[in-house]
Amino acid sequence: MSETTAQGAPSAIGMSDRRRTLAFLTVLVAVVLEVVDTTIVNTAIPVIRTSLDASPAAMQWIVAGYLLALGSLLLLGGRLGDALGHSRVFLVGVAGFVIASVMCGLARDPTELVIARLLQGATGAIMAPQSMAIVQLLYTPLERVKQLAYFGLILGLAAILGPIVGGMLIDMDLLGLGWRVIFLINLPIGLFAVIMGWFVLPEAEAKAELRIDPLGALVFCGAFGALLYGLIEGGERGWRPELLGLIVIGVLLAGAGWFRANNRVSRSLPTIIRPDLFRIGTFRWATSASFGFAAASIGFLLVFAVALQTGLGLTPLDTALVHIPFGVGVMFAVGFLVPRLLPRIGKTLPTAGGMLMLVSTVAVMLMIRGGNDGDAWLLCVLAFAGLGMGCLQGPLGPIVVAEVPRELAGTASATFRTSQQMGGALGIALVGGAYFALGGEVRPALDGLLPAAMVVAALLALAVVSVSLLPARLFAHED
C-alpha cells in the first residue's frame, strides 16, 4: 500500500526498489536530453551555418528560440502536470520532444530548423517540470535528499558536457549525418524513455484543479519574443524604426504582464508569475543574479565556439576538447568548493566567483582574438572561468528558496528556472548581436570578440552586484 506524504499527495513507496530506480533513471535520462540540447548546438553552429547557408540572425535564433519557448512555457507545463497527472504529461512531453528533435535533424533550411527548435523548447517545457514532481512521488522526504543531489549533479554535468559531446558526435559523422546527428540521437534515447516510462512510472498521482493562466504565458512570451526579434534582427539589418518599435513593444508588454500578474494575485486568481515573490530579498537578488549569469554564460559559450571554428579554423572536435578545462573547473567548484564554503562564507562565495568568471571569460575572448587557439595559458584561464562559474552558479539554487514559504517553493523554483532560460535567450541576442555585428569572415570573426566581451562583462557585473546585495544571513536556520 502506498504511503502519503506530509502534503497529502500519494507517494510511490509501495513500488519495489527496482521499479523506483528504473523510474528515477527514466526521468533522469529524459531531462538530460532537455538540458543537453540547450548547449549541444553551440559547437555545431558554424557547421550548420555552412550546411544551410544560415545568416548570423538565424544562427542566434537556432539557440535563442529553444530557450525562449522553454522559458515561456515552463510554469504552464508545471500546472498541466498538477492537473492532468505528472507521469502522463511527462510521457507526452518526451514524445513531443523526440518528434521535434527529428524535425531539427531533418531541417532543410534555417527557417525549418528555427521552427523545430521552438517546438523542441515548447515540448521540453511540458516534460521538464514533471521530473521533480515524479521524484517526490517516488521517494520519502528523507530519501529525496540523496536522489535530488544525484539529479542536480548529473544535470549540471549535462549542461557542461553538451558542447563537448556535440563536437565529438559531429567529428564521428555517424552514418554521414554530420551535424544532424546531435538531434537525431534523441530519437532512440527518447523512445527508450517513453517505453520504459510507460511501464515503470508511478500511477497514483494527486490531481489539482486546472488553474492556469495561458493568457499570461502568451503575454510574457510575446514580450520576450518581440524584444529578442528586435535585438537579433536589428544587429544584422540595422536599427530600423520598426525593429526599435518592436523592442519598445516588448518592454511595454512585459510591464503590462507584470501589472496584470500583480492584479490577479491580489484577487487570488492563477497567474503565470508571482510578483510577490520578488519582495523576498534572497529570491529577488538570487533571481537577478541568475538572469545576468545565464545571459553572460550562454552568450559566451556561443561566440566562444563560433570564434574558434570560424575565426581560427578549429574543427568541431578540437573545439570540444578546448571546452574540457572549463567543464573541469565548474565540476570542481560545484562538487567540492560550494558544499564546503557556502555555509562558512555565505554570499562572499558567489560574489568572488562572479568576479573571477568576469575577469577570466573576458581574458579568454581577448586571447582568442589575439590568435590563441588553445595553448596551456588559454586552457588555464578557461579552468579559472569554469571555477568562477561554478562558485557563482552553484549557490544560487539553494539561496533562491532560502526564505520562500514552503507552499510557494515549487512556484519559486519554476520562476527561478524561467529566469535562467529567458536570461540565456537574451544573452544570445545581446552577446551574439555584439559579436555578429561586424559580419564577414575570419578577421571580423575575431574582431567581434571585443564588443562581445564588453557585453559579457556588463552582464556578469549585474550578477556580481546582485549577489553582493543579498542579505548577510542567507539561510534562516543559520546559527
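The values are calculated or read from the model by the stated rules, or taken from the named source; none is laboratory data. Please read these numbers as outputs of a predicted model, since none were measured by experiment. Heads up, the Cβs are rebuilt from the backbone with ideal geometry, glycines too, and the neighbour counts pull from every protein chain shown.
When the residues of segment 178-214 are filtered to those that are buried (at least 20 other Cβ atoms within 10 Å of the Cβ) and in contact with a Gly (Cβ under 6 Å, 6 or more places away or on another chain), the one that is modelled with the lowest pLDDT is GLU205.
A quick yes/no check of all residues on (1) in contact with a Phe, Trp or Tyr (Cβ under 7 Å, 6 or more places away or on another chain); (2) within 22 Å of ALA414 (Cα to Cα):
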| position | (1), (2) |
| --- | --- |
| THR287 | yes, yes |
| PHE291 | no, yes |
| SER297 | no, yes |
| LEU314 | no, no |
| LEU337 | no, no |
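Of all residues in segment 1-24, those satisfying the criterion of being modelled with pLDDT of 50 or more, within 22 Å of LEU91 (Cβ to Cβ) and either of a type in the set (Asp, Glu) or surrounded by fewer than 16 Cβ atoms within 10 Å (Cβ to Cβ) (or both) are GLY14, SER16, ARG18, THR21. Only one entry in LEU175, LEU113 is at pLDDT 90 or above and of a type in the set (A, V, I, L, M, F, W, C), namely LEU113. Per the listing VAL27, VAL98, the residue uniquely at pLDDT below 90, out of contact with any Cys (no Cβ under 7 Å at 6 or more places or on another chain) and assigned to a helix (DSSP H, G or I) is VAL27.
Looking only at segment 131-155, residues that are modelled with pLDDT of 70 or more and in a helix (DSSP H, G or I) come to 10 in all. Take the residues in segment 238-262 that are touching a residue at least 24 places away in the same chain (Cβ under 8 Å) and not aliphatic (A, V, I, L, M); name whichever of them is surrounded by the most Cβ atoms within 10 Å (Cβ to Cβ). Looking at the filtered set, the residue picked out is GLY257. Among residues of segment 301-329 that are assigned by TED's automatic domain parsing to the domain that holds LEU449 and in contact (Cβ under 8 Å) with a residue 60 or more places away in the chain, those with a Cβ under 9 angstrom from a residue that is among the hydroxyl-bearing types (Ser, Thr, Tyr) and surrounded by fewer than 20 Cβ atoms within 10 Å (Cβ to Cβ), sequence gap 6+ or separate chain, pair up as GLN309/THR315.
Those helices (runs of 4 or more DSSP H) of segment 244-349 in which 3 or more residues are closer than 24 Å to VAL219 by Cβ occupy 281-306.
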